[in-house]
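The values are calculated or read from the model by the stated rules, or taken from the named source; none is laboratory data. All of these numbers come straight from a predicted model, not from anything done at the bench. With ideal geometry, Cβ positions are generated from the backbone for all residues, glycine too; neighbour counts draw on all protein chains shown. The area values use the complete protein model at the heavy-atom level, side chains included, leaving out ligands, DNA and RNA. Shrake-Rupley method; radii C 1.70, N 1.55, O 1.52, S 1.80 Å.
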Amino acid sequence: MATTRITTALPPNIDITKADLAYGEHMLPKLNRQLQDEALITRQRALNALCDVLHNPEHVSAALKVGMANSLKRLLCDADGTVRWKATEVLFICSNHAIGRDSILQFELIEPISALFDDTHDDARLMSHRAVESVSHTVNGAQGIVNANLIGKLVEKLKTETDEIKEIVLDTLHYCMKVDSEQALGAGAIDVFTTMLHHGTWEIRGKAARDIMDITFPLEGKQAAVKVKCIPVLVTLLADRNFQVRAQAAGALMSIAITTEGKKESIKEGAVEALMKLLAEDEMSDVRLNVIKAITMLAEDPEGRQKLTEIVPILEEITNTGGPMMKKVASTAVKVITWKP
């Protein structure tokens, strides 16, 4: 005789690591209540569910209306590492939407998130940096990070963190220095960036060179770059295997060479010869654009102008065959090189 057998297996498509979602408008209020639950597993499952739900910007807006920002702010200080990690991941997902970035500023979440920069949980640290970097993409977000006095702390993290986090920090500083580079200069960032130009990873070398270009926008940055012997390393990077590193190194030299001191030091370290070789051999448009701009700066010096007369035919060819931007910078370079007092 047949008997009924009840299986112990879970139904298909059921994820026990995530909270069961309520229907419609009840979903987010229920998840918000679960975030405040005393049971650890309930908080963890609610956060896992939110990591899926909040990819929709409409849900981000609805979550803010039910007070979820304050719930997440409290969870950033939770005793459980997984809860802190998932809370920062939820905020990182929110920060990918405009309304999420605005809410992080509105509810003053930048400092609580940055407190996790020193967390013992690796994933929590990584997500906290990702969230802050995402916020920095807007002018208001970058200004918020600067106002929170986080630049010095970010510069220090470049000395100790993993390579993955170093890349994120370099990106964060890139956006923040567009708003204010004084804090970075005061924290000794130019020394740290120069050291990172020797890094074994091309992504970090390229981003460090890009950040040097950012920090040398003010006069104080250009003077600091000459003082810490940044120029010889940048000249070396003009021969780097990766074209993005070469492009950023040329851009940094261009920025430093705006001053007379920067021009003299660059010419002394062989920048003219390296740039001439790069212009003749490198076909990458990003590299050529920054190389021509750097050449234009160095051509303002009599010694540099004399050496650069050899490449006028190449520049004239670019003027005739290059794209609009390339034609413009090449034409300017020719005028500066061929100028007679």
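Output the number of residues of the stretch 62-74 satisfying the condition of being of a type outside the set (K, R) and within 26 Å of the chain's Cα centre (by Cα). Walk me through it before giving the result.
Looking only at the stretch 62-74, we keep the residues that are of a type outside the set (K, R), and these are 62-64, 66-72.
Next cut, within 26 Å of the chain's Cα centre (by Cα) only: 69, 72.
Here the count works out to 2.
Suppose we keep only residues that are charged (D, E, K, R) and assigned to a helix (DSSP H, G or I) within the stretch 80-93. Which one would you say is farthest from L35 (Cα to Cα)?
Here the residue is E89.
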Would a scan of the stretch 273-295 turn up a residue that is under 20 Å from V228 (Cβ atoms), open to solvent by less than 30 Å² (accessible area, probe 1.4 Å) and of a type outside the set (K, R)? yes
Of everything in the stretch 25-77 that's assigned to a helix (DSSP H, G or I) and of a type in the set (V, I, T), which residue is surrounded by the fewest Cβ atoms within 10 Å (Cβ to Cβ)? I41
Just a yes or no: is a residue in the stretch 30-41 at pLDDT 90 or above and within 23 Å of L173 (Cα to Cα)? no
Between a first residue in the stretch 27-44 that is touching a residue at least 24 places away in the same chain (Cβ under 8 Å) and more than 13 Å from A79 (Cβ to Cβ) and a second residue that is hydroxyl-bearing (S, T, Y) and surrounded by 13 or more Cβ atoms within 10 Å (Cβ to Cβ), which pairs have beta carbons less than 8 Å apart while being 6 or more apart in sequence or on different chains? N32/S71; L35/S71; Q36/S71
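Report yes if S331 is surrounded by fewer than 18 Cβ atoms within 10 Å (Cβ to Cβ) and among the hydroxyl-bearing types (S, T, Y), otherwise no.
yes
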Determine which member of the set V146, V132, V83, V90 is aliphatic (A, V, I, L, M), open to solvent by less than 30 Å² (accessible area, probe 1.4 Å) and farther than 27 Å from E58 by Cβ. V146
Here is a list: E161, E203, E182, E167. Which entry is farther than 24 Å from D240 by Cβ and not basic (K, R)? E182
Applying the selection to the stretch 302-336, what residues are at pLDDT below 90 and of a type in the set (S, T, Y)? T319, T321
Output for the stretch 224-253, where each listed residue is closer than 19 Å to A299 by Cβ and under 21 Å from the mean Cα position of the chain (by Cα): L234, A249, A250, G251, A252, L253
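What number of residues in the stretch 94-125 are within 26 Å of L158 (Cα to Cα), open to solvent by 10 Å² or more (accessible area, probe 1.4 Å) and either of a type in the set (A, V, I, L, M) or in a helix (DSSP H, G or I) (or both)?
Summing the residues that are within 26 Å of L158 (Cα to Cα), open to solvent by 10 Å² or more (accessible area, probe 1.4 Å) and either of a type in the set (A, V, I, L, M) or in a helix (DSSP H, G or I) (or both) in the stretch 94-125 gives 11.
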Against the definition (among the β-branched types (V, I, T), modelled with pLDDT under 95 and part of a helix (DSSP H, G or I)), how does V287 come out, yes or no? yes
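List the helices (runs of 4 or more DSSP H) that sit entirely inside the stretch 200-270 and contain at least 2 residues that are surrounded by 22 or more Cβ atoms within 10 Å (Cβ to Cβ) and of a type in the set (G, A, S). Give the derivation first.
Numbers: elements: 202-215, 219-227, 230-237, 243-256, 260-268.
Output list reads 202-215, 219-227, 243-256, 260-268.
Given I104, I110, which one is in contact (Cβ under 8 Å) with a residue 12 or more places away in the chain, within 30 Å of K178 (Cβ to Cβ), among the β-branched types (V, I, T) and in contact with a Ser or Thr (Cβ under 8 Å, 6 or more places away or on another chain)?
Values: I110 fails: in contact with a Ser or Thr (Cβ under 8 Å, 6 or more places away or on another chain).
Going through I104, I110 in turn, the sole match is I104.
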